[in-house]
Amino acid sequence: MASLIGSYSLSFGLLFSILIIFFSVKNLKDAEILDKKIITFTFIQFFFVVISFFGLIISFINSDFSNETVFNHSHTTKPLFYKISGTWGNHEGSLLLWLLVLTLFISIFLIKSNQQPKKYRIFTLLFQQIIIVGFFIFLIKTSSPFNYIFPTPNEGLGLNPILQDPALAIHPPILYLGYVGSSIIFSSALAAMVTSYVSKEWAKHIKKWVLASWVFLTLGILLGSIWAYYELGWGGFWFWDPVENVSLMPWFALTTLLHCILVLEKKKILTSWAMILSIATFALSMSGTFLVRSGILNSVHTFANDPERGLFILIFLFTLIFLSIFIFIFFHTEKEKLENNFFWLSKETSILVNNWFMMYFLSVVLIGTIYPIFLEVITANKISVGPPFYNKLILPFLIPFLIAMAIGPNLNWVKSDFKDKFYMTIFLIISFLLSALIIKQFDINFLINTILVSSAFFLFFSTSREFFVKRFRNLSQNIAHFGFSLLILSILFNNIFSNEVITNLKIGETFESKKFTINFENIQQEDEKNFKAIIGKFNVQNLDGSSHILNPELRIYNQPNIITSEADIKTNLLSDKFMTMNYVQNQEYFNVRYQVKPFMIWIWISVILISVGGFLSFFKKKYEI
């Protein structure tokens, strides 16, 4: 019954899209105010999508295996929390979640934009409804979460065990809030061009949507990174996996757009650039959806392997891109061109330089992600683009980017000179000496690493000083920039100071190294609701006499029948002690991987600080940078 209600609710939601479009076009020609019927129909549409989504949730909770989506992704022994999260842990359910957030955001937009011009609001609604209609048709025709199975199976196939995790349960909804927020920015930008409303007022209005999308996307990427760190068993926080990259690319575009909007809010400049970034951000979000769901990418994160679905999204994406290019060419006019001349040393110039660097980083990630796809299509050769590619192309440009990021906030609008030259020089000297002392202790490339760490320290000291000099002025910006400096430093130190040992051990055996001893004491077995756990006990003793017990485990799931390796991690403020074990087939040995990962917790804390900086901007009446 819940599936049937959910299915009909989708159809009614699509019907209300047609009604909203009809009355919106009609309202453009007559009244001076927005027709209340349009707002009412928008909320009714949202209500139907909510009913549909809850229908799917109830089907998962009740283990209704007559529903094909529930049968493919659930099981009676699965814990309730993962039954609920399984609703969006699949292709069909995740797209329904997309649609839910799309309709929620346009409803909020209509409420919050009541001070904006009527035509601008209606055109934003129309462009958003085009996207919503596309998702309705996609769901109903190719990816319905309510397909019926007869006869009804007694059991389901179960959810992939590595997806049965708290972080990954909340990761998609948070990430989609960021992705779908970009759709409002996209629709708003097109509407602003059509109605000639690209102005300081538009920038002030859309800034909060940019901030909201940016904060949610940042948190979504963080949750995915944390999950990958402890669930996939290799101890890294970023794989440069293609599916990770498709979430990073919209983040680069959103970050660039955020800084561009801050300039536009002050002066009516960079209008064309703001429009291009608004379109690009949404296009990159949609491209990520296409890549994840088309079966083109091979990743633990992908949901589907159906070229037909991918073709639909690709055609839909190109339609939206061509529409936006057409509007940009024929409706957007660059006015007040004289204002586009910047003085070489000013805050506007520093933000423009920031944009250049961000676009370069975005281009590198885009090429690294799509080049293997095009190469395979053209030559049938498969290649993998990994960390060496990104490190060689990104790290050299990260150095001037960090230095510019330290100097930029201290400049004035329009025209500036070098302020705080004494402090900046002192910070630069201290940063270089401190970095040289640290890098000298390790057998790594001295020059590039010293300069890289120096630039990170320089940004760290510069942003730290802002808290004492400016106190609560520009607090949100200072927190975000300080968080970014802390992130770069934590990542660099994590790479430099990490230690790893991989060895095979029998129960009772001991592994000795120069820094620690690992004693494999015993294993024990525990039975849980939907898996059996084989838990190892390892006593790690350090040279200083300290020791700690680690308990990695192997989980044998009953449905689907899969064995996973679960890491045990001991965390403190200085480092993580990370251990996994795997059974060596047909032998008595276990393969043991032990890592010491310095400053891991500071990577997570720094990203939270970046998000907090963005969140605090909502409570400022006037954003000053």
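At a probe radius of 1.4 Å, what is the per-residue accessible area of Ile137, in Å² to the nearest 10?
Counting only protein heavy atoms, the figure is 70 Å².
Sorted by average packing, counted as other Cβ atoms within 10 angstrom per residue and highest first, what order do 457-467, 103-113 take? Don't skip to the answer; put the middle values down first.
Values: 457-467: 20.7, 103-113: 18.3.
Most protected by this proxy first, the peptides run 457-467, 103-113.
Using the Cβ atoms and a cut-off under 14 Å, what net charge is assigned to the surroundings of Val584, where Lys and Arg are +1 and Asp and Glu are -1? Show your work: numbers first, answer last.
Values: positive: Lys506, Arg593; negative: Glu509, Glu588.
Charge balance near Val584 sits at 0.
With every protein chain left in place, what is the accessible area of Glu509 in Å² (1.4 Å probe, nearest 10)?
Ignoring ligands and nucleic acids, Glu509 comes out at about 60 Å².
If you take every residue apart from Ile534 with its C-beta less than 12 Å away from the C-beta of Ile534, what net charge results, scoring Lys and Arg +1 and Asp and Glu -1? Mind showing how you got there, number by number?
On the way: positive: Lys532, Lys537, Arg555; negative: Glu526, Asp527, Glu528, Glu553, Glu566.
For residues surrounding Ile534, the net value is -2.
Might you tell me the accessible area per residue for the chain, computed with a 1.4 Å probe and given in Å²?
Working: 27880 Å² over 625 residues.
Per residue, the chain has an accessible area of 45 Å².
Let me understand the chain better: what is its radius of gyration from the alpha carbons, and its Dmax, in angstrom?
Every Cα atom of the chain included, Rg and Dmax give 26.4, 84 Å.
Enumerate the whole-percent occupancy of each 10 Å bin, from 0 to the last occupied one, for all C-alpha pair distances of the stretch 1-153.
12, 39, 26, 15, 7, 1
For the stretch 487-575, just say rounded, prolate or oblate: build the C-alpha gyration tensor, square-root its eigenvalues into a ≥ b ≥ c, call rounded for a/c under 1.5, and beyond that prolate if a/b exceeds b/c, oblate if not. Don't jump to the answer; show the numbers that get you there.
Details: a/c = 2.46, a/b = 1.43, b/c = 1.72.
Oblate, because a/c is 1.5 or more while a/b does not exceed b/c.
Give the average over all directions of the projected area of the C-alpha convex hull of the stretch 142-213, one decimal, in nm². Don't jump to the answer; show the numbers that get you there.
Working: hull surface 32.6 nm².
Convex hull of Cα atoms, orientation-averaged projection: 8.2 nm².
Considering only Cα-Cα distances, which of the following residue pairs are longer than 30 Å: Lys440/Lys577; Lys532/Lys577; Lys118/Lys267; Lys141/Lys204?
Values: Lys440/Lys577 25 Å; Lys532/Lys577 25 Å; Lys118/Lys267 24 Å; Lys141/Lys204 39 Å.
Over 30 Å apart, Cα to Cα: Lys141/Lys204.
At 4 °C and 1.567 mPa s, what whole-number value in µm²/s does Stokes-Einstein give for the translational diffusion of the stretch 44-110, with Rh from the Kirkwood sum over Cα pairs? Please report the intermediate quantities before stating the final value.
Numbers: Rh = 12.3 Å.
For these conditions, the coefficient is 105 µm²/s.
For the stretch 1-63, what percent of Cα pairs sit more than 15 Å apart? Numbers along the way, then the final one.
Values: 1062 of 1953 pairs.
So the pairs more than 15 Å apart make up 54 percent of the total in the stretch 1-63.
If packing is taken as the average count of other Cβ atoms within 10 Å, what order do 535-547, 428-440, 176-188 fall into, highest mean first? Let's see the in-between values first.
Working: 535-547: 14.2, 428-440: 15.9, 176-188: 25.1.
The packing order, highest mean first, is 176-188, 428-440, 535-547.
Percent of alpha carbon pairs in the stretch 536-625 separated by more than 18 Å?
Values: 2515 of 4005 pairs.
Percentage above 18 Å: 63.
Taking 0.36 nm per residue of sequence separation and subtracting the Cα-Cα distance, how much length would be gained by fully extending the chain between Ile523 and Asn412, in nm to one decimal? Write down the numbers at each step before the final one.
Numbers: separation 111, 0.36 × 111 = 39.96 nm, distance 6.37 nm.
The span from Ile523 to Asn412 would gain 33.6 nm if fully extended.
By average Cβ neighbour count within 10 Å, what is the ranking of 493-501, 480-488, 584-592 from highest down?
Result, highest mean first: 480-488, 493-501, 584-592.
Within the accessible area of the chain, what % is carbon and sulfur when the probe is 1.4 Å and the other protein chains stay in place?
Numbers: 18290 of 27880 Å².
Here it works out to 66 percent.
The values are calculated or read from the model by the stated rules, or taken from the named source; none is laboratory data. None of the values given here were measured: they were computed from a predicted structure. We place every Cβ from the backbone using ideal geometry, glycine too, and count neighbours over all the protein chains shown. Side chains are part of the model used for accessible areas, which takes the heavy atoms of the whole protein and leaves out ligands, DNA and RNA. Shrake-Rupley method; radii C 1.70, N 1.55, O 1.52, S 1.80 Å.
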